[in-house]
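First comes the structure, then the notes that go with it.
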Amino acid sequence: MKKRIVIITGASSGMGKEFAFLLDKKLNTINEFWLIGRNVEKLKEVKKIMRTNCKIFECDLNERTELKKVMKQLYHEQVEIKMLINCAGYGMMGKFEDISYNDNVGMIDVNCRALTSLTYDCIPFMAKNSRIINVASSGAFLPQPYFAVYCATKCYVLSFSRALNAELKDRDVYVTAVCPGPVDTAFFDRAETYGKKLEIKKYVMAKPKEVVVKAVRDSIYKKQISVYGPVMKAFNYATKVFPHKPFIDLIYYMQNMQK
């Protein structure tokens with residue numbers, strides 16, 4: 001009988017860690033969790049708390065060869081993937097030309113390339129009635145000045161997830177894009193290296209556990225998109241109904257007023 005596994009990227013902290021803890025409690029038929037992240041010590045801390053057996057993969061997803069470790073293990077073992085959760089990602093706030101080349105390209109590498117690469121590699125191993133959860137952002141709904149590359153990468157994740165969900169229905173595999181607003185994690189510690197987030201965001205900051213609980217529930221019900229909270233749902237609706245230019249101009253104005 002094949003080993004049934006869950007794969008989670010970005011599992012060392014934030015929402016990735018919360019996904020691991022929640023699914024560890026909820027899924028009783030999983031034999032092993034494969035936890036992927038940059039910080040091996042934090043991954044070990046997560047593993048200690050988990051009741052299900054875990055395999056740790058120390059991977060820097062900025063590096064294009066790092067995911068080969070996971071691929072080799074997939075082919076080496078007889079596994080059946082029940083859930084793939086692409087949670088790894090980062091963003092840098094600030095003027096595009098002020099952010100370093102490595103950080104601008106790194107956002108594309110981690111948020112888009114690595115997610116696409118791992119998804120491509122995992123699909124052949126996915127069982128029927130399996131799930132893929134891709135963590136996007138409410139930034140996918142609208143281009144945002146001073147967050148240009150990050151929002152563009154999350155727009156890619158959202159578009160890719162919705163299209164892939166349609167393609168994989170014949171395989172009985174379902175894809176959900178998670179589009180939260182600001183989440184109370186260490187994300188902004190790194191994101192504010194070059195610039196500051198809009199002050200208004202602190203008033204709509206969500207708890208990672210609550211976002212994850214809704215994401216898993218929406219995934220179970222085969223929803224294409226999971227949007228947490230009434231404010232972000234309203235924002236999503238507004239960006240579908242109204243032209244984007246006034247929103248973009250307003251964000252630009254608000255960012256410059258903070259300086």
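The values are calculated or read from the model by the stated rules, or taken from the named source; none is laboratory data. A quick note: this is a predicted structure, and the numbers were derived from the prediction, not measured. As a convention, Cβ positions derive from the backbone with ideal geometry for all residues, glycine included, and neighbour counts pool all protein chains shown. The area values use the complete protein model at the heavy-atom level, side chains included, leaving out ligands, DNA and RNA. Shrake-Rupley method; radii C 1.70, N 1.55, O 1.52, S 1.80 Å.
Residue by residue through region 98-137, note down the ones that are open to solvent by 20 Å² or more (accessible area, probe 1.4 Å), under 19 Å from Arg38 (Cα atoms) and of a type in the set (A, V, I, L, M).
Val105, Ile108
Looking at region 151-185 only, could you name the residues that are out of contact with any strand residue (DSSP E or B) (no Cβ under 8 Å at 6 or more places or on another chain) and open to solvent by 20 Å² or more (accessible area, probe 1.4 Å)?
Initially, region 151-185 is screened for residues out of contact with any strand residue (DSSP E or B) (no Cβ under 8 Å at 6 or more places or on another chain), giving 151-156, 159, 163, 166-167, 169-170, 185.
Passing the criteria: Ala152, Cys155, Tyr156, Ser159, Ala163, Ala166, Glu167, Lys169, Asp170, Thr185.
Residue check, Ala140 against (1) open to solvent by less than 30 Å² (accessible area, probe 1.4 Å); (2) within 19 Å of Phe187 (Cα to Cα); (3) in contact (Cβ under 8 Å) with a residue 40 or more places away in the chain, all met but one. Which one?
Here Ala140 clears every test but (3).
Which one is farthest from Thr185 (Cα to Cα), of the residues in region 89-104 that are of a type in the set (A, V, I, L, M, F, W, C) and not in a helix (DSSP H, G or I)? Before you say what the answer is, go through the steps one by one.
The initial filter retains those residues of region 89-104 that are of a type in the set (A, V, I, L, M, F, W, C), namely 92-93, 96, 99.
Narrowing further to those that are not in a helix (DSSP H, G or I): 92-93, 99.
On the way: Met92: 14, Met93: 15, Ile99: 22 Å.
Checking each candidate, the answer is Ile99.
Mind checking whether some residue in region 86-93 is modelled with pLDDT of 95 or more, among the hydroxyl-bearing types (Ser, Thr, Tyr) and either under 19 Å from Ala11 (Cα atoms) or crowded, with 18+ Cβ neighbours inside 10 Å (or both)?
no
Pick out the one residue from Lys44, Lys48, Lys82 that is at pLDDT 95 or above and buried (at least 17 other Cβ atoms within 10 Å of the Cβ).
The match here is Lys82.
Read through the list (1) more than 18 Å from the chain's Cα centre (by Cα); (2) surrounded by 16 or more Cβ atoms within 10 Å (Cβ to Cβ); (3) more than 24 Å from Glu210 (Cβ to Cβ), then give the number of the only condition that Asp24 fails.
Going through the list (1) more than 18 Å from the chain's Cα centre (by Cα); (2) surrounded by 16 or more Cβ atoms within 10 Å (Cβ to Cβ); (3) more than 24 Å from Glu210 (Cβ to Cβ), Asp24 breaks only (3).
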